[in-house]
Amino acid sequence: MFNLLLTLHILSAIWLMGHQISSAFWKARADRSGNPETVATTAQALVRSDFTFTLPGIVVLLGTGIWMAGLTGWDRFQELWLGTSFVLVIVMVIIWVAVLLPQQRRMARFAAETLEGVDQGRNYQRASKLWSMAGGVMTLIPVIVLFLMVFKP
């Protein structure tokens with residue numbers, strides 16, 4: 001059972017990190033295009049893709065991690081590498097819920113309004129900058145967690 005959970009845990013981490021990196025890539029590409037329709041379509045796709053990829057990735061990652069900790073003993077959270085990793089993943093979830101999701105919705109709304117003739121360029125740029133900064137932190141966190149999980153310092 002433990003090996004199955006570990007496999008699912010690793011796959012969900014890959015799934016989650018892959019989505020985070022590809023989201024940033026496609027959004028940057030859309031923004032650089034300067035095409036309002038491309039920007040609007042991409043912004044809306046980011047909202048949908050987060051519920052398709054990020055949400056299941058987080059649920060499976062946390063679920064399998066907690067389950068494995070339960071199988072091996074809850075005192076494992078006392079180990080610095082594991083406790084720190086858990087806290088960092090919780091911080092990542094908070095950033096996603098409190099900053100990234102709302103900014104994605106704002107970007108999608110502002111981009112759609114721009115297509116309808118309402119100039120929301122400045123508002124879109126503000127939301128985009130905040131999304132990019134928070135997204136950078138949210139992408140860095142799994143890299144730190146990966147280091148902790150592999151090297152167990």
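Throughout, read-outs are computed from the coordinates displayed, never taken from laboratory work. Bear in mind the structure is a predicted one, so any value in this text is a computation, not a measurement. Note: ideal-geometry Cβ built from the backbone for every residue, glycine included; neighbour counts use all protein chains shown.
Model label sites at Arg76 and Ala28, defined 7 Å from Cα along the beta-carbon direction, differ in position by 3.5 nm. The angle between the Cα long axis of helix 101-115 and the longest principal axis of the Cα atoms of the chain comes to about 20 degrees, rounded to the nearest 10.
Extension gain for the segment Arg105 to Val137, taken as residue separation times 0.36 nm less the Cα-Cα distance, is 9.6 nm to one decimal. For the stretch 40-120, relative contact order (Cα pairs under 8 Å, six or more residues apart, normalised by length) works out to 54 percent.
Over the chain, dividing the summed -39,500 (n - 2.57) contributions of all DSSP H runs of at least 4 residues by the number of residues returns a 222 nm mean residue ellipticity of -28500 deg cm²/dmol.
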